[in-house]
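*Asks:* Have a look at this one before I ask anything.
Where a number appears in this text, it was derived from the coordinates with a stated rule and is not lab data. As the structure is a prediction and not an experimental result, all values here were calculated from the model. All Cβ positions, glycine included, derive from the backbone under ideal geometry; neighbour counts span all protein chains shown.
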């Protein structure tokens with residue numbers, strides 16, 4: 001096989017030997033550049049940039065060993081093979097040649113066939129080396145490009161994520177800063193009613209695809225939570241978005257929480273994440289995943305059953321991604337759920353649990369393991385005013401919004417069983433940015449009036465049933481049943497707003513198709529302190545400037561005054 | 001990791017056996033295994049007797065197969081899982097989508 005002609009540098013102080021070598025190489029089809037000693041060799045190398053070098057060892061002015069070192073330095077990253085010309089045969093001398101940078105030897109008398117073979121072999125090596133460097137540079141460039149793209153994705157994601165309330169005092173967490181590229185996502189947001197949603201997600205895959213999935217998830221989470229939608233509505237929407245927009249085989253394991261601080265209730269949805277641990281007054285409950293991850297099922301197949309609990313102050317729930325349970329020791333053992341349980345059993349004070357779990361897992365993994373893939377969050381039940389966050393973080397809007405307006409919204413028949421209009425109505429009211437600081441109270445008024453109209457007015461349920469603990473559960477089960485079967489009836493909202501000095505007045509009128517009730521008699525009876533129900537109307541009287549019933553009691557108007565903060 | 005396939009004698013069941021780790025590097029081979037089989041296949045058996053490990057991208061590949069095989073109408077059985085594999089399938093609630101033996 002003929003190859004391309006090369007430029008070969010020879011350095012040989014013996015004139016005869018040099019000429020013989022020149023002729024052999026020339027006959028092989030290559031160009032020759034000759035030097036008489038080491039120094040001339042380095043100068044010629046600089047000028048001519050040969051592909052291969054044949055170097056005599058013993059030369060005046062600069063011998064082959066020194067020259068070889070210089071030449072290798074000058075070649076830098078490139079591979080310029082150096083073949084030593086030597087009659088030395090002892091191992092020590094040959095070793096010295098290799099140490100100096102020599103790649104091979106050629107002994108006298110020079111055999112053209114041997115020389116040809118060596119030149120071919122080293123040329124192949126030289127070309128391979130060049131290809132390697134080139135590919136390395138291409139990879140390096142692509143890698144840098146990818147890092148820059150990831151930085152953009154991370155910045156966009158961080159901007160979306162900062163809408164939340166992860167800094168609330170009842171949340172503790174650790175998450176690697178690059179977690180989004182491991183597919184881990186932690187979101188927390190306040191609801192206009194004053195409660196909180198928290199979501200820990202783990203997307204399939206790594207890198208940009210995982211981060212890309214996180215963005216619509218975050219937008220839906222913050223958008224809907226901020227508008228007062230329920231946790232299950234948010235999950236349903238996220239599931240549908242991921243299912244529709246992401247490629248098949250792409251999904252997000254998630255654990256989501258809905259905390260109600262005023263009623264001290266917790267609702268938990270677990271889909272594909274390792275079991276969460278709920279600590280209540282010293283008792284541990286393990287909540288395993290009972291749903292498929294988000295983005296797998298079609299909308300109609302998506303299930304929303306949740307765990308529901310009543311908590312006391314200080315009770316807390318722990319969510320983690322599989323990095324914790326599947327952390328491996330240097331011998332390959334799994335940390336596992338058993339060890340986690342042990343930590344909970346052995347730790348006395350609940351506030352120490354978070355750090356204890358973290359420390360034990362890190363110790364278990366040993367020095368060599370990366371601990372930045374661990375994601376864990378602890379959420380504690382505490383009074384709302386202890387959270388340490390401003391309720392109005394959502395607005396930041398510079399406009400005043402509409403000042404004098406009214407609208408009527410009526411839902412009837414089956415829609416009553418399928419749709420909760422309160423988030424939509426609240427959303428319209430919150431089109432006035434200065435009112436957003438009061439969204440919790442307004443939400444409470446709307447919800448209480450709507451619940452009364454729906455449950456007592458349309459469905460005909462009686463509060464008397466809620467007096468006992470057992471009756472409480474039966475009441476809500478009966479409510480579910482009647483709601484599923486409803487076909488007629490209606491509820492109408494009429495909302496009006498007019499400006500007032502320093503703020504405005506919201507008039508909320510709710511009318512239902514029910515028979516009403518004897519509100520005169522109700523006003524006369526004293527509120528019962530310990531009863532489970534009857535909290536609605538006195539609560540409304542505390543928030544509203546005026547609360548008035550009309551007609552047979554199926555129409556009520558609440559007047560809510562607000563002042564610009 | 002290696003993937004081998006076998007058709008039943010009547011040509012209606014395709015058994016895919018996965019040896020070693022079932023992870024993102026298995027992607028192309030796994031897809032080729034079921035995409036290149038002919039259209040007479042009505043049922044799929046995933047033999048995990050020699051599968052040592054499953055990660056989330058493997059779960060994704062199973063979902064791709066399910067999609068290919070008819071979605072809700074797909075007949076797919078996953079068999080002989082070791083405890084590690086079983087645990088991952090359980091946490092993700094995949095028995096809601098696949099028959100697991």
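*Asks:* How large, in Å, is the stretch B:2-100 by the Kirkwood hydrodynamic radius built from its alpha-carbon pairs? Each step should come with its number before you reach the end.
*Replies:* Details: mean 1/r = 0.0747 Å⁻¹.
Kirkwood radius, the stretch B:2-100: 13.4 Å.
*Asks:* For B:61-74, what's the mean count of beta carbons from other chains sitting within 10 Å of each residue's beta carbon? Could the numbers behind the result be given before it?
*Replies:* Values: counts 2, 1, 10, 4, 2, 3, 3, 1, 0, 0, 2, 3, 0, 0.
Taking all residues of B:61-74 together, the mean is 2.
*Asks:* In whole angstrom, note down how far apart the Cα centers of the stretch B:16-87 and the stretch A:219-274 are.
*Replies:* What the calculation gives is 28 Å, centre to centre.
*Asks:* In Å, what is the Rg of the alpha-carbon atoms in the stretch A:9-76, and how long is Dmax?
*Replies:* Values for the stretch A:9-76 (Cα only, Rg and Dmax): 11.2, 32 Å.
*Asks:* Determine the principal axes of the Cα atoms in the stretch A:419-494, then give the extent along each, sorted from largest to smallest and rounded to whole angstroms.
*Replies:* Sorted from largest, the Cα extents of the stretch A:419-494 read 42, 29, 16 Å.
*Asks:* Right, here's the next one. Calculated FRET efficiency, residue A:99 and residue B:86, Cβ-Cβ r, R0 60 Å, to nearest 0.05?
*Replies:* Details: r = 58 Å, r/R0 = 0.96.
So the FRET efficiency works out to roughly 0.55.
*Asks:* Relative contact order, percent, of the stretch A:249-343 when contacts are C-alpha pairs under 8 Å separated by at least 6 residues?
*Replies:* On the way: 152 pairs, mean separation 26.5, N = 95.
Across the stretch A:249-343, relative contact order equals 28 percent.
*Asks:* Figure the gain on full extension for residue A:305 and residue A:545 (residue separation times 0.36 nm, minus the Cα-Cα span) and round it to one decimal in nm.
*Replies:* Between residue A:305 and residue A:545, full extension yields 82.5 nm more.
*Asks:* Another question about this same structure. Could you work out the Kirkwood radius for the stretch A:136-221, taking every pair of different alpha carbons, averaging 1/r and inverting it, reported in Å? The partial results should precede the final answer.
*Replies:* On the way: mean 1/r = 0.0713 Å⁻¹.
The answer is 14.0 Å.
*Asks:* Another question, then. Given N residues in the stretch A:7-132, what is Rg(Cα) / (2.2 N^0.38 Å)? Walk me through the numbers before you get to the answer.
*Replies:* Working: Rg = 13.2 Å, N = 126, 2.2 N^0.38 = 13.8 Å.
Normalised Rg, Cα atoms only: 0.96.
*Asks:* Okay, next question. Can you tell me, using C-alpha contacts under 8 Å and at least 6 residues apart, the relative contact order of chain A as a whole percent?
*Replies:* Values: 946 pairs, mean separation 50.3, N = 565.
After rounding, I find 9 percent.
*Asks:* Packing-wise, with mean Cβ within 10 Å as the measure, how do A:504-512, A:340-348 rank, highest first? Show your work: numbers first, answer last.
*Replies:* Values: A:504-512: 20.4, A:340-348: 13.7.
The densest-packed peptide leads the list: A:504-512, A:340-348.
*Asks:* Subtract the Cα-Cα distance of residue A:66 and residue A:140 from 0.36 nm times their separation in residues, and report this length gain in nm to one decimal.
*Replies:* Gain on extension, residue A:66 to residue A:140, equals 23.2 nm.
*Asks:* Let me ask something else. Within 10 Å of each Cβ of B:47-56, how many other protein chain Cβ atoms are there on average?
*Replies:* Taking all residues of B:47-56 together, the mean is 2.
*Asks:* According to the Kirkwood expression over distinct Cα-Cα pairs, how big is the hydrodynamic radius of the stretch A:405-563, in Å? The partial results should precede the final answer.
*Replies:* Details: mean 1/r = 0.0606 Å⁻¹.
So the Kirkwood estimate lands at 16.5 Å.
*Asks:* Please compute the volume of the convex hull spanned by the alpha-carbon atoms of the stretch A:151-281 and report it per residue in Å³.
*Replies:* Values: hull volume 14.2 nm³, N = 131.
Looking at the stretch A:151-281, the number lands at 109 Å³ per residue.
*Asks:* For the stretch B:2-100, what relative contact order do you get, as a whole percent, if you take Cα pairs closer than 8 Å and at least 6 residues apart?
*Replies:* Working: 155 pairs, mean separation 26.6, N = 99.
Relative CO of the stretch B:2-100 lands at 27 percent.
*Asks:* Using only Cα atoms, figure out Rg for the protein assembly as shown and give it as a multiple of 2.2 N^0.38 Å. Provide the component values of the computation, followed by the final result.
*Replies:* Values: Rg = 37.5 Å, N = 666, 2.2 N^0.38 = 26.0 Å.
That works out to 1.44 for the protein assembly as shown.
*Asks:* Sorted from largest down, what three extents in whole angstroms do the Cα atoms of the stretch A:162-386 have along their principal axes?
*Replies:* Taking max minus min along each principal axis of the Cα atoms, the stretch A:162-386 gives 42, 40, 31 Å.
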